[in-house]
Amino acid sequence: EMKAAREPLTTRGLLGLARDGRALFPARGAEVLRRLERARSRNLALARRVIEILHERGMERQALVHSFSPVACAAARALAPRLRVALLGGEHLRTQRGWRRLERWAELLDLAGINPPLLGVIPEAVARCRDAGRTVAVYTVDRPADMRRLAAMGVDAIITNRPGACRAALEVHQG
């Protein structure tokens, strides 16, 4: 019993909490928070500090917290239920299977969105996210042609190193 209390809450453990198939948030947020606290989760400590900083600066409504870790996303959701939280995707999003996995996490954690890398964008998956009411913000998009293609696809945001070029590309697209 003591050993179990010190084990980290992994993605597998988080899935175990949702074995009945129902979403963990908002209904079971307190249970997730208790498990994270019992596990002394570093994800919880990090989420707590980020949320403190957002609160100190009065930025809770403007911020979007995102992570590659479903456990970190769960920690943020448990601590600040009204905060917008999104799951970052990686290279595995080049397949429908990878997208479905992230979509399932977004559903279980009641996340605001999924943020894939440019190479992981699949139009059908973007449409499914949008139909589910989730945002899609694509990173890192630096070529104007990609920016226009993503805008036509209906993504909500483009994360770029070239904001001026992005603005110009989107003005041309909308014009």
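Taking square-rooted eigenvalues a ≥ b ≥ c of the alpha carbon gyration tensor, is the range 1-149 rounded, prolate or oblate, where a/c under 1.5 means rounded and, failing that, a/b exceeding b/c means prolate? It would help to have the intermediate numbers written out before the result.
Working: a/c = 2.07, a/b = 1.49, b/c = 1.40.
Cα axes put the range 1-149 in the prolate bin.
To the nearest 20 Debye, how big is the dipole of the range 28-175 about its Cα centre, given +1 on the beta carbon of each Lys and Arg and -1 on that of each Asp and Glu? Walk me through the numbers on the way to the answer.
On the way: 26 positive and 15 negative charges, 87 e Å.
It works out to roughly 420 debye.
Using only the alpha carbons of the range 26-98, determine the length spanned along each of the three principal axes and report them from longest to shortest in whole angstroms.
Principal-axis extents of the Cα atoms in the range 26-98, largest first: 39, 30, 23 Å.
Would you calculate the separation in nanometres between label points at Ile53 and Ala168, each defined as 7 Å from the Cα along the Cα-to-beta-carbon direction?
3.2
To the nearest 500 deg cm²/dmol, what mean residue ellipticity at 222 nm is calculated for the chain from DSSP H runs of n ≥ 4 alone, each contributing -39,500 (n - 2.57), summed and divided by the residues?
-15500 deg cm²/dmol
Using DSSP to define loop residues, name the trypsin sites (Lys or Arg not before Pro) in the range 63-111 whose beta-carbon has at most 13 other beta-carbon atoms within 10 Å.
Here the sparse-neighbourhood loop sites are Arg82.
Read-outs throughout are calculated quantities, based only on the coordinates presented, and are distinct from any laboratory measurement. No experiment lies behind these values; they were computed from the predicted model shown. Note: ideal-geometry Cβ built from the backbone for every residue, glycine included; neighbour counts use all protein chains shown.
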